[in-house]
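Structure, as structure tokens:
The values are calculated or read from the model by the stated rules, or taken from the named source; none is laboratory data. Quick caveat, the model's predicted, so the values are computed rather than measured. Backbone-built Cβ (ideal geometry, glycine too); neighbour counts: all protein chains shown.
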Amino acid sequence: MTILDYLLPKSIEQAQLLLNDTTNTFLGNIASWADAYRYTPGGKWSAELHYVDGLDAPPPDSCVIKYPSDCPPEGCIISAIQNYTSILANRRADPALRSDALKFLVHFVGDIHQPLHTEGFAAGANGILVTFMGRKTNLHAVWDVWIPFLPLTPSPSLSCSSSSRFLSLFSFYHPNEHKNMKADVS
């Protein structure tokens, strides 16, 4: 199964029209657009929209977002999802604006599912060192860069054995070993 199995044919058609992309990979083709855009001169303003720093204790003691108080005035991923959903739903909005809204939404829905992307702890998992498939990196990079390119067979539910195989690709460092690590925001 892919994401397309969860979308109505009319939704697929409208999204492909907005994106000017009729391939079956139209969503994947734009999934990292918001990350690239934030590093352009015109897109620097969007950097804060990729996460929210919950101001609670770090997991596992707490994992709570208090919206809107955890979201700064310039915005966060929660307000961005709300804003871009409204823009996308507005059929009278400029098509280029709606296209950008869809690109942001696809990326932000992925971002908000990242481990610790809704916590102020360890810089959104950038500060958690791991070894993944024999390479030292951080948990955020694994989620953002490595996992999307793994040849995994998607299934409606992960079995315990497939989850164990996946977790065997990781080695986590002791929590105190990452205190002085500089965040690798990639």
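Some notes on this structure:
- Some residue of the range 3-14 being free of Cβ contacts under 8 Å to residues at least 24 places away in the same chain, within 22 Å of Gly124 (Cβ to Cβ), hydroxyl-bearing (Ser, Thr, Tyr) and surrounded by fewer than 14 Cβ atoms within 10 Å (Cβ to Cβ): no
- For first residues located in the range 128-148 and closer than 17 Å to Ile112 by Cβ, partners that are assigned to a helix (DSSP H, G or I) and lie 6+ apart or on another chain with Cβ distances below 6 Å form the pairs Leu139/Ala125; His140/Gly124; His140/Ala125.
- Of the residues screened, Asp70 is not one that is in contact with an Asp or Glu (Cβ under 9 Å, 6 or more places away or on another chain) and not assigned by TED's automatic domain parsing to the domain that holds Asn20.
- When the test is whether a residue is touching a His at 6+ places or on another chain (Cβ under 9 Å) and modelled with pLDDT of 95 or more, Ala93 does not pass it.
- Only one of the numbered conditions (1) assigned to a loop (DSSP other than H, G, I, E, B); (2) touching a strand residue (DSSP E or B) at 6+ places or on another chain (Cβ under 9 Å) is not met by Leu55, and that is (2).
- Each residue in the range 8-20 was checked for being within 22 Å of Ala80 (Cα to Cα) and either assigned to a loop (DSSP other than H, G, I, E, B) or under 20 Å from the mean Cα position of the chain (by Cα) (or both), and 2 of them qualify.
- Filter result for Gly75 (touching a residue at least 24 places away in the same chain (Cβ under 8 Å) and touching a Cys at 6+ places or on another chain (Cβ under 8 Å)): no
- Every residue from the range 21-50 that is assigned to a loop (DSSP other than H, G, I, E, B) and either free of Cβ contacts under 8 Å to residues at least 60 places away in the same chain or not assigned by TED's automatic domain parsing to the domain that holds Pro73 (or both): Asp21, Thr22, Thr23, Asn24, Thr25, Tyr39, Thr40
- Selection of the range 59-99 for residues being within 20 Å of the chain's Cα centre (by Cα), in a helix (DSSP H, G or I) and either of a type in the set (Asp, Glu) or under 15 Å from Leu17 (Cα atoms) (or both) yields Leu88, Arg98, Ser99.
- Condition check for Ser46: exposed (fewer than 13 other Cβ atoms within 10 Å of the Cβ), closer than 21 Å to Ala123 by Cβ and small (Gly, Ala, Ser): no
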